[in-house]
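The values are calculated or read from the model by the stated rules, or taken from the named source; none is laboratory data. It should be emphasised that the depicted structure is a prediction, and the values quoted were computed from it without experimental measurement. As a convention, Cβ positions derive from the backbone with ideal geometry for all residues, glycine included, and neighbour counts pool all protein chains shown.
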Amino acid sequence: MNNINWYPGHMKKTRELIQQNLKLVDAVIEVIDARIPLSSRNPIIDELIKGKPQLIVLNKSDLADGSVSKEWENYFRQKGIRAFSMNCMSGLGIKNLFRILESMSEEKNRDRFMQKPFRLMIVGVPNVGKSSLINRMTGKKSAQTGDRPGVTKGKQWLKLKNNMQLLDTPGILWPKFEDPKVGLDLAFCGCIKDEVLDVPTLAMELIGILAENYPQMLKERYKLEETAETPLENMESIAVKRGCILPGKRIDYERIGRIVLDEFRGGKIGRITLENPGQSK
């Protein structure tokens with residue numbers, strides 16, 4: 001994903017790098033995709049942190065189902081982890097983030113005679129918005145976007161307000177590839193490049209999920225009177241509505257597949273979440 005070929009050596013190196021950096025920080029911000037909170041996180045971070053204060057940011061909240069995002073926030077809070085929704089691109093929620101971090105900093109420094117900088121690092125799987133959050137927190141383009149595992153250049157601390165500092169290099173976690181659903185969810189949300197995917201099949205899978213969980217949004221977006229019994233029938237009806245027809249009245253599955261995926265990723269079908277806390281084990 002994102003041209004990363006994860007293999008055991010990469011995973012080991014990445015794990016060691018995160019463990020090294022964790023020794024330097026007071027708290028960890030984990031960024032996940034609000035549309036796929038399970039698929040966009042690797043629970044190994046819970047093991048690596050081992051009791052260090054943690055905050056989960058459900059990013060891309062503008063694209064997710066708001067009511068389900070609230071359920072996810074409660075789910076993580078019940079596990080003792082602070083969690084809230086935000087949009088790292090627009091900055092929606094950034095003030096709330098700093099309020100929480102300032103509270104955590106005060107807790108950390110309460111019994112200290114000398115106030116030390118409150119140091120933070122950001123972690124997450126590729127393409128969930130880690131660099132965007134770093135840039136939003138610092139108010140400038142401090143982090144390079146794009147994820148590559150492995151050793152990074154010398155560590156730099158970025159100054160934030162109220163005596164806080166942020167490690168400039170986010171920790172990159174690998175996705176849980178052994179679960180096929182994870183791969184699908186990441187592909188739906190554009191975290192895996194479409195060039196390596198079967199776009200028509202992927203779009204048909206997505207249409208099937210939307211017809212089951214968000215049928216009204218699907219009908220309204222594509223002017224369907226009713227949803228059909230199969231994802232293929234729905235896809236073909238959408239293709240006809242959008243004029244994705246080849247000579248000989250054949251369906252242009254590639255074209256309609258790209259349209260549906262692009263419109264889902266852009267939030268044009270509606271605010272949709274593909275996972276709910278009830279699916280979590």
If you go through the range 102-130 one residue at a time, how many are surrounded by fewer than 22 Cβ atoms within 10 Å (Cβ to Cβ), assigned to a helix (DSSP H, G or I) and modelled with pLDDT of 85 or more?
5
Segments classed as helices (runs of 4 or more DSSP H), wholly inside the range 211-281, with at least 3 members that are within 25 Å of GLU73 (Cα to Cα) and of a type in the set (Gly, Ala, Ser)
none
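Against the condition surrounded by fewer than 18 Cβ atoms within 10 Å (Cβ to Cβ) and free of Cβ contacts under 8 Å to residues at least 60 places away in the same chain, how does PRO200 come out, does it pass? Talk me through it step by step, then tell me what you get.
Working: surrounded by fewer than 18 Cβ atoms within 10 Å (Cβ to Cβ): no; free of Cβ contacts under 8 Å to residues at least 60 places away in the same chain: yes.
Here the answer is no, as PRO200 does not meet what is asked.
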Can you spot a residue in the range 69-86 that is buried (at least 16 other Cβ atoms within 10 Å of the Cβ), modelled with pLDDT of 90 or more and part of a loop (DSSP other than H, G, I, E, B)?
yes
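Would you mind stating whether ILE56 is in the same structural domain as LEU166 (by TED's automatic domain parsing) and either in a strand (DSSP E or B) or aromatic (Phe, Trp, Tyr) (or both)? Explain how you work it out, then say what you get.
Working: in the same structural domain as LEU166 (by TED's automatic domain parsing): yes; either in a strand (DSSP E or B) or aromatic (Phe, Trp, Tyr) (or both): yes.
The answer is yes for ILE56.
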Any idea which residue in the range 12-38 is nearest to the chain's Cα centre (by Cα), counting only those that are over 19 Å from LEU133 (Cβ atoms) and not in a helix (DSSP H, G or I)?
LEU38
